[in-house]
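A.B. asks: Before I ask anything, here is the structure I am working with.
The values are calculated or read from the model by the stated rules, or taken from the named source; none is laboratory data. Note that the structure is a prediction, hence the values are computed from the model and not measured. Quick reminder, even Gly has a Cβ in these numbers, built from the backbone with ideal geometry, and neighbours come from all protein chains shown. We work out accessible area using only protein heavy atoms, side chains counted, and drop any ligands, DNA or RNA first. Shrake-Rupley method; radii C 1.70, N 1.55, O 1.52, S 1.80 Å.
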Amino acid sequence: MSDPEHKSRTQFNKLQKRLRRCVGEAIADFNMIEPDDKVMVCLSGGKDSYTMLDILLNLQKTAPINFEIIAVNLDQKQPGFPEHVLPEYLQSIGVPYHIIEHDTYSIVKRIIPEGQTTCSLCSRLRRGTLYGFAKEHKITKIALGHHRDDIIETFFLNMFYAGKLKAMPPKLLSDDKQNIVIRPLAYCREKDINRFAAFKQFPIIPCNLCGSQENLQRKAMKQMLNGWDKQFPGRIETIFASLQNIAPSQMADASLFDFAGLRRDPEASLPRVVSDEAGLDILER
């Protein structure tokens with residue numbers, strides 16, 4: 001093996017270990033996978049879902065618990081969709097899989113006027129189809145390939161455009177209480193997933209339901225975050241950490257904290273921290 005090949009292999013091994021560690025930590029922190037779970041790994045043919053499946057298959061071999069994996073792809077009948085790619089890939093790695101055929105493409109094109117963003121309706125139709133399949137096949141967990149950047153982008157999209165502090169939770173109980181959605185890549189950076197997918201040479205299938213259409217708002221969030229990441233290294237990590245350290249009493253949502261019921265307690269006392277300056281004490285909040 002030449003020096004460049006050895007260096008490339010070493011870099012890949014480090015990257016693979018980091019991604020596996022991140023996925024393992026997310027699964028442990030949120031109790032994503034439990035003994036005898038039947039996990040439906042949703043494959044779109046994109047880099048994220050391929051990476052998720054690869055890492056979960058590896059963890060399945062070493063995990064202290066038994067759980068089942070079934071790969072599922074929704075064939076939405078987009079014109080030109082390469083139907084053979086995913087079955088051939090999944091057969092080559094020996095993974096149980098199922099292809100759901102549901103013409104959501106025609107529904108989206110019939111309802112959404114030409115030129116408008118189709119992502120929202122397409123997502124709802126896709127989710128409903130997958131939920132129905134999961135219930136029918138006694139799936140206990142539905143694994144989606146959203147990563148940390150997706151979660152942060154969604155947070156800012158909701159803040160800027162919907163007036164909500166809301167993102168994508170790593171683990172979610174569906175509104176009908178029938179399905180649990182997990183996001184094993186919640187701690188993984190997109191740039192790491194990009195590199196991993198390139199190393200593995202996954203047979204990527206682009207999403208072409210909407211042709212060259214882009215979600216311009218999400219693209220703007222991605223550009224903003226990438227700019228921050230270059231200018232202020234570590235900022236993305238800090239933003240994500242803030243989503244895990246929420247103080248309702250320091251916000252302004254009266255449904256989460258009883259601001260109206262706050263009352264003084266004249267008898268209460270706070271601990272004091274002695275300052276370096278003589279005679280000056282600082283009250284802790």
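A.B. asks: Give me a count of the residues in region 256-285 that are within 18 Å of LEU165 (Cβ to Cβ) and either at pLDDT below 95 or open to solvent by 100 Å² or more (accessible area, probe 1.4 Å) (or both).
C.D. replies: Residues meeting the conditions: 1.
A.B. asks: Between residues in region 89-103 that are farther than 8 Å from ASN73 by Cβ and residues that are modelled with pLDDT under 95 and surrounded by 11 or more Cβ atoms within 10 Å (Cβ to Cβ), which pairs lie under 6 Å by C-beta distance while being six or more apart or on different chains?
C.D. replies: Listed pairs, sorted by first residue: GLU101/ASP75; HIS102/THR129; ASP103/LYS77.
A.B. asks: I've got another one for you. Determine whether region 210-218 contains at least one residue that is more than 20 Å from ILE151 (Cα to Cα), modelled with pLDDT under 95 and surrounded by 17 or more Cβ atoms within 10 Å (Cβ to Cβ).
C.D. replies: Of all residues in region 210-218, those more than 20 Å from ILE151 (Cα to Cα) come to 210-213.
Filter again for modelled with pLDDT under 95, leaving 210-213.
This time we only want the ones that are surrounded by 17 or more Cβ atoms within 10 Å (Cβ to Cβ), so: 210.
Yes, some residue in region 210-218 is more than 20 Å from ILE151 (Cα to Cα), modelled with pLDDT under 95 and surrounded by 17 or more Cβ atoms within 10 Å (Cβ to Cβ).
A.B. asks: Another question about this same structure. Where the second residue is of a type in the set (Phe, Trp, Tyr) and the first is farther than 30 Å from ILE27 by Cα and lies in region 59-86, which pairs have Cβ atoms under 9 Å and are six or more apart or on separate chains?
C.D. replies: That search, which allows pairs on different chains as well, returns LYS77/TYR105; GLN78/TYR105; PRO79/TYR105; PHE81/TYR105.
A.B. asks: Mind listing just one residue for me: the one in region 58-89 that is under 23 Å from LYS141 (Cβ atoms) and of a type in the set (Gly, Ala, Ser) and, of those, least open to solvent (accessible area, probe 1.4 Å)?
C.D. replies: Out of the qualifying residues, it is ALA71.
A.B. asks: Against the conditions (1) outside any helix (DSSP H, G or I); (2) within 19 Å of THR140 (Cβ to Cβ); (3) in contact with a strand residue (DSSP E or B) (Cβ under 9 Å, 6 or more places away or on another chain), where does GLY45 fall short? Just the number, please.
C.D. replies: (2)
A.B. asks: Let me ask something else about it. When the residues of region 25-49 are filtered to those that are open to solvent by 30 Å² or more (accessible area, probe 1.4 Å) and of a type in the set (Gly, Ala, Ser), which remaining residue is modelled with the highest pLDDT?
C.D. replies: Across region 25-49, the extreme among qualifying residues is ALA28.
A.B. asks: Of everything in region 219-254 that's open to solvent by less than 100 Å² (accessible area, probe 1.4 Å) and among the polar types (S, T, N, Q), which residue is farthest from the chain's Cα centre (by Cα)?
C.D. replies: SER249
A.B. asks: Open to solvent by 10 Å² or more (accessible area, probe 1.4 Å), modelled with pLDDT under 95 and in a helix (DSSP H, G or I), is that true of ARG20?
C.D. replies: Numbers: open to solvent by 10 Å² or more (accessible area, probe 1.4 Å): yes; modelled with pLDDT under 95: no; in a helix (DSSP H, G or I): yes.
In short, no.
A.B. asks: Related question: Filter region 135-168 for residues that are of a type in the set (A, V, I, L, M), farther than 21 Å from GLY45 by Cβ and touching a residue at least 60 places away in the same chain (Cβ under 8 Å) and give the result. Walk me through how you get there before you give the answer.
C.D. replies: Narrowing region 135-168 to residues of a type in the set (A, V, I, L, M): 139, 142-144, 151-152, 157, 159, 162, 165, 167-168.
Applying the additional criterion that residues be farther than 21 Å from GLY45 by Cβ yields 151-152, 157, 159, 162, 165, 167.
Result: ILE151, ILE152, LEU157, LEU165, ALA167.
A.B. asks: Would you tally the residues in region 43-69 being farther than 19 Å from HIS146 by Cβ and among the aliphatic types (A, V, I, L, M)? So that I can check it myself, show each step before the final result.
C.D. replies: Going through region 43-69, the residues farther than 19 Å from HIS146 by Cβ turn out to be 58, 60-68.
Those still in the list that are among the aliphatic types (A, V, I, L, M) too: 63, 65.
Total satisfying the criteria: 2.
A.B. asks: Looking at region 247-262, I want the residues that are without any contact (Cβ under 8 Å) to a residue 60 or more places away in the chain and have a partner that is open to solvent by less than 70 Å² (accessible area, probe 1.4 Å) and outside any loop (DSSP other than H, G, I, E, B) with Cβ atoms under 6 Å, at least 6 apart or on another chain. Which pairs are those?
C.D. replies: Listed pairs, sorted by first residue: LEU256/PRO248; PHE257/PRO248; PHE257/SER249.
A.B. asks: What's the number of the condition ILE55 fails, among (1) closer than 22 Å to TYR131 by Cα; (2) in a helix (DSSP H, G or I); (3) not acidic (Asp, Glu)?
C.D. replies: (1)
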